[in-house]
Amino acid sequence: MGKTVAEVTENINQLEAPLNPEVKKSRNGAWFGVVILLIVIGLAGAGYLLLQQLRDKQQDLGGVLSKDSQQMIELTKQISGYQSQLVAIQNQLSSLNSEVGSKESNFEAKLNELGALHTERLDNTSGRINESILRIQRQLGKTRGDWLVADAEYLLSVANRRLHLMGDVDTTIEALKAADQRLRESGDTAAFKVRGQITKEISAVKKVKLADVVGIYSTLEMLEEDVAKLKVFLPYAGKGLSSGDSASKAEPLAENDINAKLDNALIAIEGIVTIRRLDSPVTSVITPEQKAFIAEQLSTKLVMVKLALVQQDDELYQASIKDVLQWLQNNFTKNETYKQFVLELERLKSIQIRSNFPDISQSLKMLRNIAKLRLETDKALQEPDAQAE
């Protein structure tokens, strides 16, 4: 089959060339028919083979298409799942966008509030700084006379505080004198009226009578020591005999005198039994501890009086002395020691430890309005000049 039909035909012709031409023609026709038949058979076989190949390829293509269709269905399902996920993601993104938008609006509002607050603080700070700068400029522009007037104003304020808050009369007088000295050195003619008012206030403060705090305190210390000498009027265990023993030491009378014997007997009885009249009824017999407690309470009340004296609290001072007197009256015997104790307390009660201090604020008010005084002084000085002209 390696040779073509033309070559086969040529070979046959070469073999049959010596034959008869007629036979040669008939043989040529037969071979030609055979060749044609062979060609037809070959073509038929080739067509059959080609048809079989096409059927195989079609079957293969059908399987591939079925697999592809299944894959397409799966891909379609996956794509639908992806689409649903994309829809969910889009919904989440939209909700996140709305949340972010609301938070951004809140942040913007807060930032605006903070900005307004900081702006306000900056304005206030700048205003205070400007005021401080102006104040410093005014201070730097002051003369020596202005500084002396300012110093006098400070001294007058100190005098007012020392007098009314602490009752320090001596320091008040010294502060008023120092303020007057500053005004004199300033040479300001408008300060003459203020100096006159300061002189009046110094005179008023000198008239204030202060209580002798040291003397009163010493008296209270002495009374606190005398508490042990007072006697509780209620009876208690271990109470000693009263002072009647001196009568038992009287010289005996003659034994023959019956009246003298009776007197001696009465004197002896008085040394054993003491008859005393009490102003308050005796309701019970107290223990020595209760008696000591009563004395300690009296000492404590005297300490309260001393505390009020040191603090110069006149109201507490008077109330504490009244409490001491009431305790004495309710618990102690009214003997001579008691009476002296009460008299001393009454004297202390009559003392007013904090005096009514005079008002010395007028000079300070006048000095704070020094500008008005200067205008009035200038006007008063201009009037004589106008009259002279």
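The values are calculated or read from the model by the stated rules, or taken from the named source; none is laboratory data. Worth saying up front: this structure is predicted, and the values here are computed from it rather than measured. Here Cβ is always computed from backbone atoms with ideal geometry, including for glycine, and neighbour counts include all displayed protein chains.
Taking the criterion of being crowded, with 16+ Cβ neighbours inside 10 Å and within 32 Å of the chain's Cα centre (by Cα), the residues of region 158-172 that qualify are VAL158, ARG162.
Among all residues of region 148-156, there is none that is at pLDDT 85 or above, hydrophobic (A, V, I, L, M, F, W, C), surrounded by 10 or more Cβ atoms within 10 Å (Cβ to Cβ) and outside the structural domain of ALA191 (by TED's automatic domain parsing).
Of the residues screened, LEU176 is one that is more than 31 Å from the chain's Cα centre (by Cα), in the same structural domain as ILE198 (by TED's automatic domain parsing), under 30 Å from GLN311 (Cβ atoms) and in contact (Cβ under 8 Å) with a residue 12 or more places away in the chain. Here MET366 meets the list (1) out of contact with any helix residue (DSSP H, G or I) (no Cβ under 9 Å at 6 or more places or on another chain); (2) more than 20 Å from GLY215 (Cα to Cα) almost entirely, failing just condition (1). Scanning region 179-199 for residues that are over 13 Å from LEU364 (Cα atoms) and surrounded by fewer than 17 Cβ atoms within 10 Å (Cβ to Cβ) yields GLN181, ARG184, GLU185, GLY187, THR189, PHE192.
Taken over region 330-364, the criterion of being surrounded by 13 or more Cβ atoms within 10 Å (Cβ to Cβ) and aliphatic (A, V, I, L, M) is satisfied by VAL342, LEU345, LEU348, ILE351, ILE353, ILE360, LEU364.
Give the residues of region 163-200 that are modelled with pLDDT of 85 or more, within 28 Å of LEU375 (Cβ to Cβ) and among the acidic types (Asp, Glu), sorted by residue number. Within region 163-200, ASP180, GLU185 meet the criteria. Could you go through region 118-138 and let me know if any residue there is at pLDDT 85 or above and crowded, with 16+ Cβ neighbours inside 10 Å. Checked region 118-138: no residue is at pLDDT 85 or above and crowded, with 16+ Cβ neighbours inside 10 Å.
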